[in-house]
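The values are calculated or read from the model by the stated rules, or taken from the named source; none is laboratory data. Predicted model only: the values in this text are computed from it and were never measured. Positions of Cβ are backbone-derived with ideal geometry, glycine not excepted, and every protein chain shown enters the neighbour counts. Just the protein is used for accessible areas: all its heavy atoms, side chains included, with ligands, DNA and RNA removed. Shrake-Rupley method; radii C 1.70, N 1.55, O 1.52, S 1.80 Å.
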Amino acid sequence: GVCLGIAFGHRSSGPKNDRFAGNFKTVIISKCKAYLGLNEEQSSENTCEKVWDAFSGAYVGRDPCDVPMEAYDSLIHAVNPKAACNRMLFWSQTKDIVHQFTEAKKCLLTLEDTLLGFIMDNLTWCSKNGSKETFSTGCPGWSECEKNPVRSFWNRVSAAFAESACGEVTVMLNGSVDTPFRANSIFASIEVKKFSSPKMRALNVILVTRGNDTANCENDSLQNLQAVLDPTLKYTCTEVHRSKIMDCISDPDKPCGACW
Ligand code: APR
């Protein structure tokens, strides 16, 4: 119904927009298929169509400043990934290095290494009130309005990812900034609040440093992190020089255990 209307919408306004909407659907479906082809994950013939239906159903036809995170609930339920206990890697202000790391070493994985995170990483999308189309330009910026389709998506999938956290969990934080644990980051405002024992056992902070750095494991914001964390979770913090992680990334013979 709705979904075919977007891609092949003969009732939509013009050929240009129809083509674009079709392209966005094509990007989502092909990234979805590429991911499933590379990852042995249980899926069926129509998994990617189901992903598109649930995904587009969240924001198409809605005011781009009025898409709450709950709009993506059915997308989360459609995918329902299995948790990778002891291998989950969270991050904040360390996007480049964490993704280089998980690309090189398969011991840990981030949200962007799961199906939904992989598909949507680096994409922008929104629709309009009453529209059947998807746009990827002219959409509200991250902080322009809180309930925009992109921010709500990341909030919702991050909540689900953190809710599934189990065993020993790692987070890579940035030691080159004043506040490695930033209150309005997704990690602080959403993910940490979902961490709970006994399913999850420990949170291990890797604080990535550069040498003459502003932050260390005694940083005030890291004291805040410990204060808001479920007190029955074990907490550790390790300062690791960026170059040590980079060396590990570039040497395929170095096992994960040697990276910090
Ligand atoms: N403007 C634009 N983009 C932003 C902004 C902003 N003000 N704030 C965050 N983002 C987007 C950017 O794409 C950025 O790379 O969110 C990304 C992550 O922001 P960070 O502050 O680095 O980290 P955080 O908010 O903690 O989000 C990362 O959330 O998605 C989960 O599992 C993931 O643990 C990870 C965490």
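Quick look at the numbers
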| quantity | calculated |
| --- | --- |
| Qualifying residue in the range 232-247 (condition: among the acidic types (Asp, Glu) and touching a Gly at 6+ places or on another chain (Cβ under 6 Å)) | no |
| Check on residue 181, of a type outside the set (Asp, Glu), part of a helix (DSSP H, G or I) and closer than 25 Å to residue 159 by Cα | no |
| Residues of the range 217-229 satisfying the condition of being open to solvent by 40 Å² or more (accessible area, probe 1.4 Å) and either within 16 Å of the ligand (Cβ to nearest atom) or closer than 24 Å to residue 157 by Cα (or both) | 224, 226, 228 |
| Given (1) within 10 Å of the ligand (Cβ to nearest atom); (2) open to solvent by less than 30 Å² (accessible area, probe 1.4 Å), index of the condition residue 143 fails | (2) |
| Any chance residue 191 is charged (D, E, K, R), touching a residue at least 60 places away in the same chain (Cβ under 8 Å), surrounded by 18 or more Cβ atoms within 10 Å (Cβ to Cβ) and not in a loop (DSSP other than H, G, I, E, B) | yes |
| Helices (runs of 4 or more DSSP H) wholly inside the range 48-163 that include at least 2 residues being under 30 Å from residue 208 (Cβ atoms) and free of Cβ contacts under 8 Å to residues at least 12 places away in the same chain | 95-104 |
| Members of the range 113-123 found to be within 15 Å of residue 41 (Cα to Cα) and either within 7 Å of the ligand (Cβ to nearest atom) or surrounded by fewer than 21 Cβ atoms within 10 Å (Cβ to Cβ) (or both), listed by number | 115, 117, 118 |
| Index of the failed condition, residue 26 passing every other in (1) within 30 Å of residue 215 (Cβ to Cβ); (2) not in a loop (DSSP other than H, G, I, E, B) | (1) |
| Within the range 177-188, considering residues that are of a type in the set (Val, Ile, Thr) and open to solvent by less than 50 Å² (accessible area, probe 1.4 Å), the one farthest from residue 245 (Cα to Cα) | 186 |
| Matching residues, the range 1-58, being small (Gly, Ala, Ser), open to solvent by less than 60 Å² (accessible area, probe 1.4 Å) and modelled with pLDDT of 95 or more | 34, 54, 56, 57, 58 |
| Of the criteria (1) surrounded by 13 or more Cβ atoms within 10 Å (Cβ to Cβ); (2) touching a strand residue (DSSP E or B) at 6+ places or on another chain (Cβ under 9 Å), which one residue 234 fails | (1) |
| Single unsatisfied condition, residue 92 versus (1) of a type in the set (S, T, N, Q); (2) open to solvent by 30 Å² or more (accessible area, probe 1.4 Å); (3) within 10 Å of the ligand (Cβ to nearest atom); (4) within 30 Å of residue 240 (Cα to Cα) | (2) |
| Residue within the range 200-216 that is within 30 Å of residue 59 (Cα to Cα) and either touching a residue at least 12 places away in the same chain (Cβ under 8 Å) or buried (at least 17 other Cβ atoms within 10 Å of the Cβ) (or both) present | no |
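Yes or no, residue by residue, for (1) of a type in the set (Asp, Glu); (2) near the ligand (Cβ under 10 Å from one of its atoms); (3) farther than 24 Å from residue 249 by Cβ; (4) surrounded by fewer than 19 Cβ atoms within 10 Å (Cβ to Cβ):
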| position | (1), (2), (3), (4) |
| --- | --- |
| 107 | no, no, no, yes |
| 111 | no, yes, no, no |
| 130 | no, no, yes, yes |
| 133 | yes, no, yes, no |
| 138 | no, no, yes, yes |
| 147 | no, no, yes, yes |
| 152 | no, no, yes, no |
| 172 | no, yes, no, no |
| 175 | no, no, no, no |
